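Take a look at the structure below.
All of the numbers you see were taken from the coordinates with simple rules; none came from a lab. Because the structure is a prediction, the values reported are computed rather than measured. When we count neighbours, we look across all protein chains shown, and the Cβ atoms used for this are built from the backbone with ideal geometry, even at glycine.
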Amino acid sequence: MGPKLIRAPYVSWTVVVLVLAVVELAVAWGRDLPAVMVGLVTVLLGGVVLAAVHHAEVVAHRVGEPYGSLVLAVAITVIEVALIVTVMVSGGGAAEILARDTVFAAVIITCNGIVGLSIVVGTRGKSVVSFNAEGARAALATVATLSTLGMVVPTFTTSTPGPEFSPPQLAFAAVTALTLYGLFVALQTGRHRDYFLPVMAGVVADSEQHAAPPSPRATLASFILLLVALVAVVGSAKLVSPTIERAVSAAGLPLSVVGVIIALLIVLPETLAAVRAAQLGRMQISLNLAFGSAMASIGLTIPTIAVASIWLPVPLHLGLDATHIVLLALTCLVGVLTVVPGRATLLQAGVHLALLAAYLLLAVSP
């Protein structure tokens, strides 16, 4: 039996969903949507997210690892930045804390939710999952540093009132974030590329490794469709975001819940891709996606928001409160204990998922 071929995505459900999403955006843009229309937009938003995952995986398979994980991480970060800037420009009730809440939610969801869920899926039928400890340690160290410098330090600075950076401090944080992220990408794709390649084990992983890559034509088509999907996700989320804010306020929930909802939408594609990688015995890819997403969320979002803050009509609050600082510290500590051995069991998954559950509970009931 010959190698598995990836079909060109010209006539498939992914194309149909994207066409419907573009038509829906053209019809609904700039209008107050009734409940039925909001529901339709939400359903199409889920379909577009799945389509984005498919096309990102096609591109990722063509370029190979670890470049493939970077494709999806950067693509999702583009969505995140666009959503944050769009909502902040509109000046909603949560505008000044939206960037902080969305980035922090993305870090907690990826480092606990994606990691924990991937371990659960990866340990089905076996007691442990294996991965490359060197790569996972490097990624987690970078995430911890970026999180602390970008979202913990502002809480304790005194140059400006509130959890804000002064302009020089914000510039330093932005430059440092970009530098560390660029250094990590150079490490991941350069001389230490092998740190981020999967520890192959099992027939399924081997068959995936030897699957024929898509043709250049199919890859280009998927790349273009991926860009269309990202635009559709941003547009659809923009249409439903006012409804989300009104629903959160009507339910009496904290405004920070808006950031959590946006983060859940943003990380859904990487969650699906990470779970699929874990099913194929490629736990390292799952960790690349989890930590890479958290890293890109901080390392690219904060510098972009820092530049945009020059024109934004609201101040930029980046500092976390005491409860979130404790959750971040515990996430980093548990993450270290998970990745250092290069092996993980269902217990580690349970600890990570418990931290995620605690964060979600405290988000709705602080």
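Which of rounded, prolate or oblate describes the chain when judged by the alpha-carbon gyration tensor and an a/c cut-off of 1.5? Since a/c reaches 1.5 but b/c is at least a/b, the shape of the chain is classed as oblate. Note on residue 343 and residue 193: their simple-model spin labels are 3.0 nm apart, each label 7 Å out from Cα toward Cβ.
Exposed loop sites were defined as chymotrypsin sites (Phe, Trp or Tyr not before Pro) in DSSP loop states (anything but H, G, I, E or B) carrying at most 15 other C-beta atoms within 10 Å; in the chain the longest segment without such a site runs 30-310. By definition, a body whose alpha carbon gyration tensor gives a ≥ b ≥ c is oblate when a/c is 1.5 or more and a/b is not larger than b/c, and the range 125-268 fits this oblate description. If you take the square roots of the eigenvalues of the alpha-carbon gyration tensor of the range 232-333 and sort them as a ≥ b ≥ c, do you get rounded (a/c under 1.5), prolate (a/b over b/c) or oblate? Prolate. The stretch between residue 307 and residue 26 holds 98.2 nm of extra length on full extension. This uses 0.36 nm per residue minus the Cα-Cα distance. A crude spin-label estimate for the pair residue 227 and residue 279, with each label 7 Å from Cα along the Cβ direction, gives 3.0 nm.
Restricting attention to the range 121-180, which trypsin sites (Lys or Arg not before Pro) occupy a DSSP loop and are surrounded by at most 16 other Cβ atoms within 10 Å?
Hits after loop and neighbour filter: 124, 126.
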